[in-house]
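Visitor: Below you'll find the structure I mean.
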Amino acid sequence: MSTVIDPPKTSTIAGRFGVYGGRYVPETLVAALDELDHAYAEAKVDPAFQARLDSLLRDYAGRPTPLYFAARLSEELGGAKIYLKREDLLHTGAHKINNCIGQGLLAERMGKRRIIAETGAGQHGVATATVCALLSMECVVYMGEEDMRRQELNVYRMRLLGAEVRGVRSGSRTLKDAINEAMRDWVTNVRTTHYLLGSVLGAHPYPTMVRDFHRVIGKEAREQIQEKEGRLPTAIIACVGGGSNAIGAFYEFIPDAQVRLIGVEAGGHGEKLGEHAARFHGGSPGVLQGTYSYLLQNDNGQVSLTHSVSAGLDYASVGPEHAALHDSGRAEYVTATDQAALDATVRLARTEGILPALESAHAVAECIRIAPAMARHDILIVNLSGRGDKDIGILSREMSLKGA
Amino acid sequence: MPIRFIPKPQSRPGLVAYLTVGDPDLTTTRDIALAAIDAGADVIELGVPFSDPLADGPVIQRASERALRHGTTLGDVLAIAADLRRQRPDSGLVIFSYFNPILRFGLERFCSAAEQAGVDGVLVTDMIVEEAGEYLASLERHHLAPIFLAAPTSPDERLKRIAAVSQGFVYAISRTGITGTQQSLATEAEALVSRLRRYTDLPIAVGFGISNAEHFAAVGEFADAAVIGSALVRIIEQDIERAAPQEAPSSIGRFIEGLRTGPRAPVLQVR
């Protein structure tokens, strides 16, 4: 792998994380990004906006989510005490709703009644369709055809909620291609449309704004673990596709140097380009879809195809703040293979009666890998970012289970 | 050494022709470019194919896919540029790319190679003025004209900044949207050009959706040049579809000649 020459350093845009982030977009979108940036800055300090957001997060989405002590799993693994941050219990089944409510309210504030979104696993699409129903907005969701096939339940859910789901046929027909198509829509309809981006990706202000809407995960977890254990955890583990659940879980703990932050990328089914989505293991810095971050690419700067059993992690780039946390060493990024995630799904289902989303199962897999070697007084928090109901189809295709 | 520039056309409108390099193959791209120049194109935009062309419509997406299928690289684009420069010393040559292939190649290395090849200017679709510090410095060191996009959504203060750092010409996008042909020319284009005029004496080229002689003439009423991209790429695609890619240079030549009614006027004099 060749080294990167000339990383951009002279940006005058806010929203840099070290050298990463920035705003690499067609000129047509800049005014809308500025508008969003200003609207968000105002909303952030507007007590009425915050009150409405908090109220919806509490009464509609179901916050705070529990921090659950997984006694049986901890016992079986024989090492660290394992806690699960139960984002899977939120309305619509994943953390994604935190950001969708926030951006939905912002769109309303900006007077934009048409919402577009991309989705991989369908969780962000479902959450967006849900918020659009709630706020009476038009909703168009772009989804790769491969993802529509493997997450067909969520496609139906979105349509049931009144959203239009548009299949995307280009590239590998997954998340990256859905984002390209959403951006093409946005650049065309930018005056009337808000792009409700679903992760800490894209041009400024998205990575910062989306992170802020998910900070509540770590904020709650920090209070909850103090209450239950009287101390901070040894480590927090979260899966990283774009990285929104992970940054939300990590952010409040960044100043606590003794707390390890562990992000888990999709190891897929091999180490060659195209067989995984592990940007920190085979990727290098580059610009994709508005931001400068780690990227799976070939020597000519063409973006690689990726693979993961989980549609939500199947993406060639990663949020720029994770790139900065990686380079500074503050967070560690490891991988879990498709098989490890499938095994972890079954194990959590059978020890705790909790069926994790395949994305979140990557975090569970890392927990299963490291917990046994840890001490009894160590504490692991796994961010269980979503529930696995959507994955029943793919699970049944991947594994033929016999009654235990 | 002064920066090379693309001066105002002596006869309106000038023609900027976009081609995706490597579609259908490198040699044919070169021959298409030569045919375009000989038929009256003042500036050739050599498009670097990219895996994720998010500012482009389906026609250029498909051309990029075809070009990438047989491994077209930025190095190939520079080689074609050098070849064109040898054969047509007076034509305008612009590299048109997304940022990542250039970043991966190395910004400074790219600019040096582009200068060597005799390229006049560079347009990076996803490069905006706020991010352009080092980019502009590198281009300047190598006497390459930075060409930026101006959009109907760009407020005046942005147009001013865009105009201030642009050289060669300014590329005014005729409408919000992605590249591609359209039935009628957007009315937004004229308003944008007149706003831009307040801030620059550079030639203004209007692009996006210009696909026939009528549009071309209409643009000539208010702008210095028209950029034609998807319409050319579609003609090439049609020749590929009917298994006659070798016909593409003459198809493009005929199309460009047909854009100008009446006797060919002397147009956009370059360098």
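Visitor: Mean Kyte-Doolittle of at least 0.5 plus a Cα span of 18 Å or more along the axis: flag which DSSP H helices in chain B meet both, please.
Guide: Values: long enough: B:26-39 (20 Å, 0.73); B:74-87 (20 Å, 0.40).
Answer set is B:26-39.
Visitor: In the protein assembly as shown, what percentage of the DSSP-assigned beta bridges are antiparallel, given to the nearest 5?
Guide: On the way: 16 of 80 bridges.
Rounded to the nearest five, the antiparallel share is 20 percent.
Visitor: A follow-up question, please. For segment B:180-240, state which GluC sites (Glu not before Pro) are in a DSSP loop and have at most 11 other beta carbons lying within 10 Å of their beta carbon. Before the final figure, lay out each step's value.
Guide: Working: sites: B:GLU188, B:GLU190, B:GLU214, B:GLU221, B:GLU237; in loops: B:GLU221.
Answer in residue order: B:GLU221.
Visitor: OK, next. Okay, helix-only estimate at 222 nm for chain A: each DSSP H run of n ≥ 4 adds -39500 (n - 2.57), divide by all residues, round to 500 deg cm²/dmol; what do you get? Each step should come with its number before you reach the end.
Guide: Details: 14 runs with 165 residues, N = 404.
Using -39500 (n - 2.57) per qualifying helix, the result is -12500 deg cm²/dmol.
Visitor: Another question, then. Let me have the relative contact order for chain A, percent, based on Cα pairs under 8 Å that are six or more residues apart.
Guide: Details: 890 pairs, mean separation 82.8, N = 404.
Once normalised by length, the contact order is 20 percent.
Visitor: Going by Cβ distance under 4.7 Å, what cysteines of the protein assembly as shown have no possible disulfide partner?
Guide: For the protein assembly as shown, the answer is A:CYS100, A:CYS239, A:CYS367, B:CYS111, because their Cβ atoms have no other cysteine Cβ under 4.7 Å.
Visitor: Another one. Could you work out, residue by residue across B:171-179, how many beta carbons of other chains sit within 10 Å of that residue's beta carbon, and then give the average as an integer? Could you put the intermediate results ahead of the total?
Guide: Working: counts 1, 0, 4, 0, 2, 10, 8, 7, 1.
The per-residue average across the peptide is 4.
Visitor: Would you mind telling me the antiparallel percentage of the DSSP bridges in chain A, rounded to 5?
Guide: 30
Visitor: Continuing with the same structure: How crowded by other chains is A:17-30, given as the mean number of beta carbons from other chains within 10 Å of each beta carbon? Kindly include the intermediate steps, with their values, before the conclusion.
Guide: Values: counts 0, 0, 0, 0, 0, 3, 5, 10, 7, 14, 18, 13, 6, 9.
Mean shielding by partner chains, rounded to a whole number: 6.
Visitor: Which pairs in the list A:LYS44/A:LYS219; A:LYS176/A:LYS272; A:LYS96/A:LYS219; A:LYS219/A:LYS390; A:LYS176/A:LYS219 are over 23 Å apart, alpha-carbon to alpha-carbon? Walk me through the intermediate numbers first.
Guide: Working: A:LYS44/A:LYS219 17 Å; A:LYS176/A:LYS272 19 Å; A:LYS96/A:LYS219 16 Å; A:LYS219/A:LYS390 27 Å; A:LYS176/A:LYS219 30 Å.
Check vs 23 Å cut-off fails for A:LYS219/A:LYS390; A:LYS176/A:LYS219.
Visitor: Return the distance in nm (one decimal) between the two label points of a simple spin-label model at B:SER194 and A:GLN50, each offset 7 Å from Cα along Cα→Cβ.
Guide: 4.7
Visitor: Of all accessible surface on segment A:203-299 at a 1.4 Å probe, what whole percent is carbon and sulfur?
Guide: On the way: 1280 of 2870 Å².
Solvent-exposed carbon and sulfur of segment A:203-299 make up 45 percent of the total.
Visitor: Further question: Leaving out ligands and nucleic acids, and using a 1.4 Å probe, what accessible area per residue does segment B:14-259 come to in Å²?
Guide: Details: 7590 Å² over 246 residues.
Spelled out: the 1.4 Å probe surface of segment B:14-259, per residue, equals 31 Å².
Visitor: Now for a different question. Name the shape class, rounded, prolate or oblate, that the alpha-carbon gyration tensor gives for chain B, where a ≥ b ≥ c are the square roots of its eigenvalues, rounded holds for a/c under 1.5, and otherwise prolate holds if a/b is larger than b/c and oblate otherwise.
Guide: On the way: a/c = 1.34, a/b = 1.07, b/c = 1.25.
Rounded shape, in that the Cα axes give a/c under 1.5.
Visitor: With the contact rule set at Cα under 8 Å and sequence spacing of 6 or more, what percent relative contact order holds for segment B:1-138? Provide the component values of the computation, followed by the final result.
Guide: On the way: 187 pairs, mean separation 34.7, N = 138.
Normalised by residue count, the contact order of segment B:1-138 is 25 percent.
Visitor: Here's something else I'd like to know. Just add up the charged neighbours of A:GLN103: K/R +1, D/E -1, any other residue whose Cβ is under 12 Å from the Cβ of A:GLN103.
Guide: Working: positive: A:LYS96, A:ARG109, A:LYS112; negative: A:GLU108, A:ASP212.
That sum, taken over residues with Cβ under 12 Å, equals +1.
Visitor: Within segment B:14-259, what whole-number % of the accessible surface is contributed by carbon and sulfur, with the 1.4 Å probe and all protein chains included in the calculation? Intermediate results must be reported in sequence, preceding the final value.
Guide: Numbers: 3750 of 7590 Å².
Using a 1.4 Å probe with all protein chains present, segment B:14-259 comes out at 49 percent carbon and sulfur.
Visitor: I would also like to ask the following. List the trypsin sites (Lys or Arg not before Pro) within segment B:170-225 that fall in a DSSP loop (any state other than H, G, I, E or B) and whose Cβ has at most 16 other Cβ atoms within 10 Å. List each step's numbers first, then the result.
Guide: Details: sites: B:ARG175, B:ARG195, B:ARG197, B:ARG198; in loops: B:ARG175, B:ARG198.
Here the sparse-neighbourhood loop sites are B:ARG198.
Visitor: Ignoring ligands, DNA and RNA, how much accessible area is buried between chains A and B, both sides summed, with a 1.4 Å probe, to the nearest 100 Å²? Don't jump to the answer; show the numbers that get you there.
Guide: Details: alone 15460 and 11230 Å², together 23060 Å².
Between A and B, the summed buried area is about 3600 Å².
Visitor: Can you give the net charge of the other residues whose Cβ lies under 12 Å from the Cβ of B:TYR18, counting K and R as +1 and D and E as -1? Walk me through the intermediate numbers first.
Guide: On the way: positive: B:ARG234; negative: B:ASP23, B:GLU45, B:ASP56.
Residues close to B:TYR18 contribute a combined charge of -2.
Visitor: Based on DSSP H runs of at least 4 residues, each adding -39500 (n - 2.57), what is the mean residue ellipticity at 222 nm of chain B after dividing by all its residues, to the nearest 500 deg cm²/dmol? Mind showing how you got there, number by number?
Guide: Working: 11 runs with 119 residues, N = 271.
Taking each H run of at least 4 residues, the total per residue is -13000 deg cm²/dmol.
Visitor: A further question follows. Residues of segment B:118-135 with accessible area at least 40 Å² lower in the all-protein-chain context than alone (1.4 Å probe)?
Guide: Flagged in segment B:118-135: B:ASP126, B:ILE128, B:GLU130, B:GLU131, B:GLU134.
The values are calculated or read from the model by the stated rules, or taken from the named source; none is laboratory data. All values derive from a computational prediction rather than experimental measurement. Positions of Cβ are generated from backbone atoms using ideal geometry, with glycine treated the same way; all protein chains shown enter the neighbour counts. For the accessible areas, the whole protein counts, side chains as well, though only heavy atoms, and no ligand, DNA or RNA atoms are used. Shrake-Rupley method; radii C 1.70, N 1.55, O 1.52, S 1.80 Å.
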